[in-house]
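Reviewing the structure listed below.
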Amino acid sequence: MSTTLSIAYAQGRTVKVKAAPMTTLQAVVSEACAKIPNSAHPESYQLIHNKKALDLSLPIRFANLPQGATLTLKRVSSAAPTASPISRPQQKGGNGSSRQQLIKVALQVVGGSRIINDFDSSATLWDIVYSAEDGAQGTLNLTAR
């Protein structure tokens with residue numbers, strides 16, 4: 001089952017994007033940019049619904065959008081660099097090269113809030129939980145320390 005989203009862009013023009021419920025909004029932005037002539041990189045755009053910016057890491061199913069929603073594609077002035085709480089390891093050279101990639105992890109806590117950070121793919125669950133605690137400035141205790 002798929003849904004069709006209307007993406008409005010420059011001067012009232014729209015483009016229709018079909019997507020599955022578990023498709024992320026970032027993939028929707030990428031597909032919309034592919035259909036729009038002379039569009040920049042998808043990373044330089046944000047989706048807006050009811051005057052609120054949407055979290056592009058969410059799937060359509062969890063974005064709380066109505067069926068057939070009309071979203072606005074807005075160009076952001078500059079992409080803010082995301083700082084990783086864990087330092088990025090250097091690439092290993094040679095035949096046994098292994099490349100570390102940055103991944104986005106969303107942690108939803110009991111109060112209903114979400115903590116979203118970028119981590120290296122080699123980060124452990126302990127590193128992620130500890131970083132979430134550290135970023136909450138003492139208001140969150142997940143490791144029972």
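Here, each number is a calculation from the coordinates, and none is a lab measurement. The structure presented is a predicted model; accordingly, all values stated were derived computationally and were not measured. Using ideal geometry, Cβ is built from the backbone for each residue, glycine included, and neighbour counts are taken over all protein chains shown.
Going highest first, how would you order 70-76, 26-32 by mean Cβ packing within 10 Å?
26-32, 70-76
If you count, for each residue, the other Cβ atoms within 10 Å and average over each peptide, how do 49-57, 109-117 line up from highest to lowest?
49-57, 109-117
Quick one: if you stick a label point 7 Å off each Cα along the C-beta vector at Gln101 and Thr70, how many nm between them?
Rounded to a tenth, the inter-label distance reads 3.7 nm.
Within 12 Å, Cβ to Cβ, of Ala8, how many net charges do the neighbouring residues add up to if Lys/Arg are +1 and Asp/Glu are -1?
It works out to a net charge of +3.
Can you give the percent of C-alpha pairs in the range 6-78 whose distance is more than 18 Å?
Considering the range 6-78, 28 percent of its Cα-Cα pairs are separated by more than 18 Å.
First measure r as the distance between the Cβ atoms of Lys18 and Val109, then evaluate 1/(1 + (r/R0)^6) with R0 = 41 Å and state the FRET efficiency to the nearest 0.05.
According to the calculation, E is roughly 0.75.
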